[in-house]
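Please read the structure below before turning to the comments.
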Amino acid sequence: MSKVINTENIRKQFPILNQKINNYPLIYFDNGATTQKPLSVINSISDFYKNTNANIHRGVHTLSRKATEEFELARKTITNHFNIKNDQQLIFTAGTTDSINMVAQSLASNYLQAGDEIILSAYEHHSNILPWQLWAEQNNGKLKVIPLAENETLDYAAFEKLISEKTKLIAVAHVSNTLGVITDIEKIKAVAQKHKIPVLVDGAQSAPHMQIDLQKLNVDFFVCSAHKIYAPTGIGLLYLSEKWLNELSVSKVGGGTIKTVTFEKTEYAEGALRFEAGTPDIAGAIGFAEAIRFIDEIGMQNIFEHEHELVQYTQQQLSQIPEVIMYGKSEHKAGVISFNVKNAHPFDVGTLLDKYGIAVRTGHHCTQPLMQCLNIQGTIRISFAVYNTKSEIDFFIEKLKKSIKMLL
Amino acid sequence: MSIEEIEQEIIEEFEFFGEDWEAKYEHLIDLGKALPLIKEEQKTEEAIIKGCQSRVWLNSELIDGKMMFTADSDAIITKGMVALMIRVLSNQKPEDIVKAELKFLDKIGLKEHLSPTRANGLVSMINRMKKEALSQVKI
Ligand SMILES: Cc1ncc(COP(=O)(O)O)c(C=O)c1O
């Protein structure tokens, strides 16, 4: 086990983990859906409402100034974590889905043309399919899909052949939420840059597990959800490259986004505020920043190594169970494992594991097209966070074996 | 036997397991495995009851004034629950099925399978059984 990560101390900060389910200690392996929140994050939200609550960017009074400062400090903290050059490139949204919808609507209004093409991957989450599909249906557009190669990684050779002069965007998951496979963004970018096509990266499953340097990643759009990174639900981010910060049209308008308004014309604010219409989730942003402090204190690289070790260990244990079929058995994985039990429905396995206090996800994981590619109904998915331990995995493996015996 | 008598029989059968949930589930799984198979051609689009994850197929016909149900599921625990429902409701008069309260599920500690978030299609299955019975009452 990684020497730097002291799970015992870390777990003390997550009171929710300290409970029994059906008389067994809770084992929470559904972190890909959402992670649990440390006390520091929970307290930051209640402290804000207890001591500082006021609306931001509009009052001269003391509380409003303090709330604005805390909100903008949150933006800076998160900016630093992702190594974004200018904090105005970080726009607060309601999450990954919201961010992708915003980009899709904005691009549809003055960038995408009827008949254009967008390239996605075979393992996209529905949230990175539907906004583009909706645009395509309304504009006679076309979605092209990067197929799977061996071990359920992407077929990068096939990818380049999908490019045409009509390709206007490449939108891919950084990490597959179902398989845990890490997309090689450098390979995607190499082709995209050659053809001058913008790239959107869905970081919903990479941001929780990997150090992300957005200056190095150097893509056009990067999106993620805070609730999968130890932060509250309801908030996330949209990163825009400097070019798009200036060029992207707004999709939501209203209070907060303006300099001056007359009934005839509006002059919009500059920077991030242009995109943040209405009162934002102020407490959420503060909680998000607190979660980032929690992560940075442990160190993202340490978290990655800890979770990588858990993934390797689990894959090794699972591969010794003859009834288990694993998907996406790549070396380059982050935090997620998907498998099935031969001749058993994932729902049955999930039901029995739940009786043993083990929370896993079963089903299609909002990636139905991927399920169709693999020709399966669903999988059992386990996904890790910094507080998970090897002894939890040992217990899980023991109970999985028992469940298989019961079912077959 | 009446619906209530069968319910009572099942309650007594499950009392035997006491707090041993593993034994209870093993029994449920056995019931699922023992449920007579339905023909592939009976697994039609009309027969399917979509839960979010496991699927249930249900067919019914009225024979001599009694509803006869056959059903199947692709998940074995769901199928065990389906077997219990068939045991209770099949071969009963439509009007009795419509009135059935099915309290036994609570008494045998499997009521959690009926929560709407369970995504196994069972709530919809019971509703469908009652609806099909009701359609026979009216005639
Ligand atoms: C890869 C990926 N994209 C998008 C989403 C949607 O995230 P949210 O529901 O937070 O908007 C998820 C979450 O499950 C995800 O894993």
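The values are calculated or read from the model by the stated rules, or taken from the named source; none is laboratory data. On a predicted model such as this, the values are computed, not experimentally measured, just so you know. Backbone-built Cβ (ideal geometry, glycine too); neighbour counts: all protein chains shown.
Things worth noting here:
- Exactly one residue out of A:E242, A:E309, A:E276, A:E290 is more than 16 Å from the ligand (Cβ to nearest atom), touching a strand residue (DSSP E or B) at 6+ places or on another chain (Cβ under 9 Å) and among the acidic types (D, E), and it is A:E276.
- Of the residues making up segment A:168-188, just one is without any contact (Cβ under 8 Å) to a residue 60 or more places away in the chain, under 14 Å from A:H332 (Cβ atoms) and assigned to a strand (DSSP E or B), namely A:A173.
- If you check A:R58, A:R11 for being of a type in the set (K, R) and either at pLDDT below 95 or within 16 Å of the ligand (Cβ to nearest atom) (or both), only one passes: A:R58.
- One residue from A:D155, A:D213 being closer than 28 Å to A:R381 by Cα, more than 16 Å from the ligand (Cβ to nearest atom), in the same structural domain as A:R293 (by TED's automatic domain parsing) and without any contact (Cβ under 8 Å) to a residue 40 or more places away in the chain: A:D155
- For segment A:3-43, a residue qualifies if it is part of a loop (DSSP other than H, G, I, E, B) and farther than 16 Å from A:I295 by Cα, and the qualifying residues are A:K3, A:N18, A:Q19, A:N22, A:N23, A:L26, A:F29, A:G32, A:A33.
- In segment A:95-114, the residues that are more than 27 Å from A:I229 (Cα to Cα) reach residues that are away from the ligand (no atom under 13 Å from the Cβ) with C-beta atoms within less than 6 angstrom, at least six apart or across chains, in these pairs: A:A108/A:W135; A:S109/A:S249; A:N110/A:S249; A:L112/A:K168; A:A114/A:N139; A:A114/A:N140.
- No other residue among A:V191, A:V201 is under 20 Å from A:S121 (Cα atoms), within 16 Å of the ligand (Cβ to nearest atom) and either over 16 Å from the mean Cα position of the chain (by Cα) or at pLDDT 95 or above (or both) apart from A:V201.
- Within the span defined as segment A:129-150, every residue fails to be in contact (Cβ under 8 Å) with a residue 40 or more places away in the chain, of a type outside the set (F, W, Y) and assigned to a helix (DSSP H, G or I).
- The set of residues from segment A:358-393 being within 29 Å of B:D30 (Cβ to Cβ), out of contact with any helix residue (DSSP H, G or I) (no Cβ under 8 Å at 6 or more places or on another chain) and charged (D, E, K, R) comprises just one member, A:R381.
- Failed item, numbered, when A:V324 is tested on (1) within 14 Å of chain B (Cβ to nearest Cβ); (2) under 29 Å from B:D20 (Cα atoms); (3) away from the ligand (no atom under 16 Å from the Cβ): (1)
- Any chance A:I321 is hydrophobic (A, V, I, L, M, F, W, C), surrounded by fewer than 18 Cβ atoms within 10 Å (Cβ to Cβ) and at pLDDT 95 or above: yes
- If you go through segment A:79-127 and keep only what is touching a strand residue (DSSP E or B) at 6+ places or on another chain (Cβ under 6 Å), closer than 29 Å to A:T52 by Cβ and away from the ligand (no atom under 16 Å from the Cβ), you end up with A:T79, A:I84, A:Q89, A:L90.
- Hits in segment A:328-348 - residues which are buried (at least 24 other Cβ atoms within 10 Å of the Cβ), in contact with a helix residue (DSSP H, G or I) (Cβ under 8 Å, 6 or more places away or on another chain) and under 20 Å from B:S73 (Cα atoms): A:H345, A:F347, A:D348
- Every pair of residues 6+ apart whose Cβ atoms lie under 7 Å, when the first sits in segment A:219-235 and is within 8 Å of A:G284 (Cα to Cα) while the second is within 11 Å of the ligand (Cβ to nearest atom) and among the hydrophobic types (A, V, I, L, M, F, W, C): A:P232/A:A226; A:G234/A:A94; A:I235/A:A94; A:I235/A:A226
- Among (1) assigned to a helix (DSSP H, G or I); (2) over 19 Å from the mean Cα position of the chain (by Cα) - the single one A:I292 does not satisfy: (2)
- Listed by position, the strands (runs of 3 or more DSSP E) contained in segment A:317-395 that have at least 2 residues being among the hydrophobic types (A, V, I, L, M, F, W, C) and more than 24 Å from the chain's Cα centre (by Cα) are A:324-327.
- Comparison of B:E61, B:E15 shows that the only residue that is charged (D, E, K, R), more than 10 Å from chain A (Cβ to nearest Cβ) and more than 19 Å from B:S90 (Cβ to Cβ) is B:E15.
- For B:K79, the conditions (1) within 14 Å of chain A (Cβ to nearest Cβ); (2) surrounded by fewer than 17 Cβ atoms within 10 Å (Cβ to Cβ) are fulfilled apart from (2).
- Set side by side, the residues A:T96, A:T79 differ, and just one is under 28 Å from A:A285 (Cβ atoms), touching a Cys at 6+ places or on another chain (Cβ under 8 Å) and of a type outside the set (A, V, I, L, M, F, W, C), which is A:T96.
- Positions within segment A:178-188 being more than 16 Å from the ligand (Cβ to nearest atom) and within 15 Å of A:S164 (Cα to Cα), in sequence order: none
- A:A285 in contact with a Phe, Trp or Tyr (Cβ under 6 Å, 6 or more places away or on another chain) and either more than 14 Å from the ligand (Cβ to nearest atom) or part of a loop (DSSP other than H, G, I, E, B) (or both): yes
- Among the residues making up segment A:332-377, those that are of a type in the set (F, W, Y) and within 13 Å of chain B (Cβ to nearest Cβ) are A:F347, A:Y356.
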